[in-house]
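Some notes on the structure that comes next.
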Amino acid sequence: MFDLGKVHIGVLGLGYVGLPLAVEFGKKYPTIGLDINEARVAELKSGQDSSLEVEPEELQQVPHLSYTSNLDELKTCNVYVVTVPTPINEHKQPDLSPLIGASHALGKVLKKGDIAIFESTVYPGATEEVCIPIMEADSGLRFNEDFYVGYSPERINPGDKEHRLATIKKVTSGSTPEVAEFVDALYRSIITAGTHKASSIKVAEAAKVIENTQRDVNIALINELALIFNRLDIDTLEVLEAAGSKWNFLPFRPGLVGGHCIGVDPYYLTHKAQSIGYQPEIILAGRRLNDGMGAYVVHSVVKMMMKRGIASSNSKALVLGLTFKENCPDLRNTRVVDIVSEFEDYGAQVDVYDPWVSAEEAEQEYGLQPITDLKAGEYDAVILAVAHREFQQMGAEKIRALCKENGVLFDVKNILPAAAVDARL
C-alpha cells in the first residue's frame, strides 16, 4: 500500500528542526521544503543557513531538495512532515497556533492515500484531538480511510555538531499498523542510529514531552542545591565534581533553563494533566525554580554591589551572552533576558554582548540592541551568562578587565576558576 520508491516529501517549516530533516530526506527522495518566511526561503536558495545547523557546502549538495513559500507547490507530495514550533504564551499555556495553521495548510493539499507526519512537540493526544479534525474538515477526506497520520518527535539539539539528526535514534509511530511500519521504514532509511517504533501516536507524543521534562526537573534539583550551598558558602561545582566521582551520579549543572524544549515542553504536559483533573507537583515546582534563577543571579550581584558601595540605580552592567545556550545563534525562550530585565528594574543601565546573535532578531524578539565592542573598566557588574567559546578564550583576566576597579564578576556557567570571580552558581 505504501511504497518508499514512490515517496515525494513536503516539509512544512524550515527552522532548526525542519531544515536538517529536509536536507537528509532530500539526499534520497524528491523533497520540497516550505516556509512562510520568504526571506528564509531566499536565504536557503542562496545556499546559506543563518541557524548554522547545516553547513553551506552540505546545503549546496542536496540533489533532490527545493524550497518554496508557495503551499500549492506541495500538492505534488504524498508524504508531509510538519516541523513548526510549539511555543507557550505569556500565561505559560501551550500555543498551538503554528500547529493549527499547519493543519489547515495540510487540509488544502491532502489527497487520497497521503500521509502527514508530525514532529512538533505536543501533549499526548494533541495530534488526534487538534490536528486531525482540522485536516478532515478542510480536506473533506476521512482519517484512516483516505489519509493517514504519523508522529515522530524531533530530537534536534541546536549547536551540537556531534549529535546530529542522522546519529540520534528516532521514535516513530503511525495511525495504523501499516502506516506505523511505513513511517518507521522511511525514517530508518535516513537515520543511521536506527529507530524505535512506538505502539501508538500518544505513546510517541508522551515520550517526547517527558524527555525534556526529566531534564528540567533534574536541573531544578541542581539549581536548588546551588541555592543551598551558596548560603552555606560551599562551592557548588566542587560538590558536584566530588559527588560525580560515583559512577551513577548524573552530571547536571546549575544554570538558566531556556530554549525551545526544556523550558517549554513541561508546560505542555502539565496543561494536559490539569485538563484531566490532575495537578502536577514536582514538574511545576521545578519550572518555578528554574524560571527564578535569573532573578536570583541579579539579586546576588546587587547585594555584592551594595556591600562595595555601588548604588544599583546608577550602575552599569554587562551581560555576556544572550542565546539560550552556548555556540549557537538560537534566541528562542532565552532566560538571559530575565537577567537584563531584573537589572533594569533595579535602575541599572544594561549592555548585552553576544557575538553569535543577529542584532535584528534580538531587537525584534526582545527589544534589545546588543553592543558590538567591549571596553575595559566600563562596568560595575559583569555577568557571564552563556559559555560561548569566545568568552572561554578571553579567559578570566580579560573578562575581569571589563569591570571597574571594585566591580562584581558573576559566572553563571562556571567556566572561570572560582578564585577569579566574585561568585558563581
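Computed from the coordinates by the stated procedures, all read-outs in this text should not be read as laboratory data. These numbers were taken from a predicted model, which means no experiment stands behind them. Cβ sites come from the backbone with ideal geometry, for glycine too, and all protein chains shown count toward neighbours.
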Residues whose placed amide H lies under 5 Å from that of residue 332, excluding near-sequence neighbours: 324
Counting only residues 5 or more apart in sequence or on a different chain, those whose built amide H sits under 5 Å from that of residue 151 are 118, 173, 174
Mind giving me the FRET efficiency for residue 276 and residue 250? R0 is 41 Å, r the Cβ-Cβ distance, nearest 0.05 is fine. 0.85
Could you name the aspartates and glutamates in cross-link range of residue 112, using Cα to Cα under 12 Å and dropping any fewer than eight places away on the same chain? 136, 145, 146
If contacts are Cα pairs under 8 angstrom and at least 6 residues apart, what is the relative contact order of the range 185-312 in percent? 28
As I understand it, the value is the acute angle between the Cα axis of helix 265-275 and the longest principal axis of the Cα atoms of the chain; what does it come to in degrees, rounded to 10? 70
Measure of size requested: the Rg and Dmax of the range 317-425, with Cα atoms as the atom set and Å as the unit; please supply both. 12.8, 38
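Per DSSP helix of 4 or more residues, -39500 (n - 2.57); summed, then divided by the residues of the chain. What does that give at 222 nm, rounded to the nearest 500?
Working: 14 runs with 159 residues, N = 425.
Theoretical 222 nm ellipticity from helices: -11500 deg cm²/dmol.
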Got the relative contact order for the range 349-420 handy, in percent, Cα pairs under 8 Å and 6 or more residues apart? 31
With the charge dipole of the range 1-71 built from beta-carbon charges (+1 for Lys and Arg, -1 for Asp and Glu) about the Cα centre, the Cα from 60, 50, 70 projecting farthest to the positive end belongs to 70
Would you give the gap between the C-alpha center of the range 157-189 and the C-alpha center of the range 28-80, rounded to a whole Å? 19
Below 8 Å, C-alpha to C-alpha, sequence gap of six or more: please give me the relative contact order for the chain in percent. 10
Rounded to the nearest 20 debye, dipole of the range 221-273 from Cβ charges on Lys, Arg, Asp, Glu: 240
Taking the alpha-carbon distance from residue 170 and a cut-off under 17 Å, which aspartates and glutamates remain once sequence neighbours fewer than 8 residues away in the same chain are dropped? 24, 119, 154, 160, 162, 181, 184, 205, 211
Sorted largest first, extent of the range 192-304 alpha carbons per principal axis (Å): 52, 34, 24
Please report how many Lys pairs in the range 298-408 have alpha carbons closer than 14 angstrom, counting only residues at least 8 apart along the chain or sitting on separate chains. 4
Rounded to the nearest Å, the spacing of the alpha-carbon centers of the range 403-425 and the range 199-270 is 23
Volume per residue, Å³, of the convex hull around the alpha-carbon atoms of the chain? 150
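Using a simple charge model, +1 on the beta-carbon of Lys and Arg, -1 on the beta-carbon of Asp and Glu, nothing else, what dipole does the chain show about its Cα centre, in debye to the nearest 20?
800
What is the sum of charges, Lys and Arg at +1 and Asp and Glu at -1, for the other residues whose Cβ falls under 15 Å from the Cβ of residue 423?
+1
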Positive end of the charge dipole of the chain (Lys, Arg +1 and Asp, Glu -1 on Cβ, about the Cα centre): tell me which of 293, 21, 336 has its Cα farthest that way. 293
I'd like the orientation of helix 293-307 relative to the chain: the angle between its Cα long axis and the longest Cα principal axis, in ° from 0 to 90, rounded to 10. 10
Given the candidates 243, 189, 132, the one whose Cα lies deepest towards the positive end of the charge dipole of the chain, counting +1 at each Lys or Arg C-beta and -1 at each Asp or Glu C-beta, is 243
How about the range 294-363: which GluC sites (Glu not before Pro) there are in a DSSP loop, with at most 15 other Cβ atoms within 10 Å of their Cβ? none
What percent antiparallel are the DSSP beta bridges of the chain, to the nearest 5? 5
Near the amide H of residue 11, under 5 Å away, which other amide H atoms are found, from residues 5 or more places off or on another chain, if H is placed in the peptide plane? 32, 33, 34, 81
Relative to the first principal axis of the alpha-carbon coordinates of the chain, what is the inclination of helix 201-231, with its axis defined by its Cα atoms, in degrees from 0 to 90 and to the nearest 10? 0
Taking N as the number of residues in the range 99-206, what value does Rg over Cα atoms divided by 2.2 N^0.38 Å take? 1.08
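Mind checking the full-extension length gain between residue 28 and residue 160? Use 0.36 nm per residue of separation minus the Cα-Cα distance, one decimal, nm.
Contour length minus the Cα-Cα distance gives 45.2 nm.
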